[in-house]
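Here it is: the structure, laid out below.
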Amino acid sequence: MNIFVLNCGSSSLKFQIIQTDLELIKNDKDKMLAKGIIERVGSQAIITMQVEGMPPLKQVAPLRDHRAALNFVIKWITDPETQIPGISGLEDIHAIGHRVVHGEERFKKSVKIDKEVIAGIEDCIDLAPLHNPANLKGIYASRELFGITIPQVAVFDTSFHSTMPETSYLYAIPYQTYRRFKVRKYGFHGTSHRYIAYRYRKITGKEREETNIITLHLGNGSSACAIKGGKSNDTSMGMTPLEGLMMGTRCGDIDPTVIEYLMHQEGTTIDEVFNVLNKRSGVLGISGLTNDMRDLLDEIQEHQDRRAILAVEMFCNKVKKYIGAYLAGMNGADAICFAGGIGENAIEIRKRICTGLDWLGIELEDQLNEQAYGGKEMLISTQESRVKVYVIPTNEELILARDTLRVVLNVPRIW
Ligand code: ADP
């Protein structure tokens, strides 16, 4: 089956076409056939498309909205010059998998999209006003442009975390706020944490039930997850992706009083304060330079910028704190797994996070750590390290494709 995997953000559209079936999954041979990303949807869009094994094609075009962007993608896929192996027309796309950020408590696993599911995702907008509307735009446009007969599946960022116990997901505020308004921690990056746990099982040959690890998805958005017995037991993001680790532009954990205090001091609205906490805080806020970790590390190397150093130190300290908390919460873990743009590539950041954790039994092998970047999946701890450390490049699209297949075929868990 060829699955079209779609991930729509507020001004972006990312897609992959992945060939998969039960046999391919069993042998881990699912294949990405093509991929693309359209940024700045809504104005002069920047478009990058690539057939696997071919050089990427870049261009700029005015694309008014997500529908126009998807239409552009469809024209590219069906253009005889594009030549995606096995795909000559839309009839060769057999199903569509959509990334949906928030599934609240109602979507605990991936589901086939129908009118009721769309209404359910619309109901979750209040909890994810920045994300779900964009995901929905992708769903509306796909139903219109691919037609409603092609099966479409929603895969939720939150669903992997639906196994968290009450003690992890409740906030210590009046219980009625949970009962009446569903105010609680939901967690995000679920498809990524799930993929990392899956690869960890593959690498080590462990069963799901014996998987006790901490997964660190460190990118522009970052989150940690405590996986106990193969299930999410706790995670750092909360009711929204603002909570938890320090991120590119998000503040992470903060005393809520800061919000009211800033409103008074600056004479601003609550929306303006949240704009600061979401878009002008984190690594960008502290360094005053950039939200991009690679640029920040370059800046430190070239100019030893004090606030850049501070931002990096704070970022690493926060990850350390979560590692400590989860090791205590789970009574230890067998491994820590790094993923995401930073986790997969930033040698220095992994080193800083793991330094000083030797009394917990965490010991990096410097040579291995230095080899782990650019998509390599590998162990980076010493033989003696009691808690193993891995770099496991994430692949959320693969999870989306496989879940779509599973839901369409209506088969139970297959991997
Ligand atoms: P997103 O959350 O947007 O998916 P990514 O997972 O792609 O983000 O991660 C982006 C982050 O990864 C950026 O801060 C980028 O600088 C960082 N990054 C990518 N490569 C490197 C590298 N070689 N060294 C340090 N940081 C890197």
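Grab the other residues whose beta carbon is less than 11 angstrom from that of Gln19, score K and R as +1, D and E as -1, and report the net.
Once all neighbours under 11 Å are counted, the net charge is -2.
Right, another one. Using only the alpha-carbon atoms, how far is helix 132-146 inclined from the longest principal axis of the chain? Give it as 0 to 90 degrees, nearest 10.
Helix 132-146 sits roughly 20 degrees off the main axis of the chain.
For Ile148 and Ile254, FRET efficiency with R0 = 25 Å and r from the beta-carbon atoms, rounded to 0.05?
0.05
Taking amide hydrogens as modeled 1.01 Å from N in the peptide plane, which residues meet the under 5 Å criterion relative to Ile380, leaving out close sequence neighbours?
For Ile380, the qualifying residues are Val389, Tyr390, Val391.
What's the longest piece of the chain with no exposed trypsin sites (Lys or Arg not before Pro), counting a site as exposed if DSSP puts it in a loop and it has at most 16 other beta carbons within 10 Å?
183-279
Report the Cα centroid-to-centroid distance between the stretch 86-155 and the stretch 386-403 in angstrom, as an integer.
Each part's Cα centre sits 23 Å from the other's.
How would you classify the stretch 243-369 from its alpha-carbon gyration tensor, with a ≥ b ≥ c the square roots of the eigenvalues: rounded for a/c under 1.5, else prolate if a/b is greater than b/c, otherwise oblate?
Oblate is the answer for the stretch 243-369, as a/c is 1.5 or above yet b/c matches or exceeds a/b.
On to the next question. Could you compute the net charge surrounding Ile300? Neighbours are other residues with a C-beta less than 14 Å from the C-beta of Ile300; K and R count +1, D and E count -1.
Net charge in that neighbourhood comes out at -3.
What shape does the stretch 139-227 take by its C-alpha gyration tensor, where a ≥ b ≥ c are the square roots of the eigenvalues and a/c under 1.5 counts as rounded, a/b above b/c as prolate, and the rest as oblate?
oblate
Hey, another quick one. Please work out the Cα center distance from the stretch 195-222 to the stretch 266-336, rounded to the nearest Å.
Between the Cα centres of the stretch 195-222 and the stretch 266-336 lies a distance of 23 Å.
A follow-up question, please. In the chain, once you exclude exposed GluC sites (Glu not before Pro) (DSSP loop, at most 11 other Cβ within 10 angstrom), what's the longest stretch remaining?
208-383
Can you tell me how the stretch 33-91 classifies by the Cα gyration tensor, rounded, prolate or oblate, using a/c under 1.5 as the rounded cut?
oblate
Diagonalise the Cα gyration tensor of the chain and give the resulting equivalent ellipsoid semi-axes, square root of 5 times each eigenvalue, largest first, whole Å.
Rounded to whole Å, the semi-axes are 33, 26, 24.
Sticking with this structure for a sec: Restricting to bridges with both residues inside the chain, how much of the DSSP beta-bridge set is antiparallel, in percent to the nearest 5?
Close to 70 percent.
Here's another thing I want to ask about it. Please list, short to long, the whole-number percent of alpha-carbon pairs of the stretch 368-415 in consecutive 5 angstrom bins beginning at zero.
All Cα pairs considered, the percentages come to 5, 18, 17, 13, 11, 12, 13, 8, 3, 0.
Can you give the angle from 0 to 90° between the axis of helix 270-279 and the longest principal axis of the chain, with both taken from C-alpha atoms, to the nearest 10?
90 degrees
While we're here: Compute the acute angle (0 to 90°) between the alpha-carbon long axis of helix 257-266 and the principal axis of greatest extent of the alpha-carbon atoms of the chain; round to the nearest 10°.
Roughly 90 degrees between the two axes.
Give me the net charge of Phe188's neighbourhood, meaning all other residues with Cβ under 14 Å from the Cβ of Phe188; Lys, Arg count +1, Asp, Glu -1.
0
Values quoted throughout were computed directly from the atomic coordinates according to the rules given, and no laboratory measurement underlies them. Everything quoted here is computed from the prediction, not taken from an experiment. Methodologically, a virtual Cβ is constructed for each residue, glycine included, from the backbone with ideal geometry; neighbour enumeration extends over all protein chains shown.
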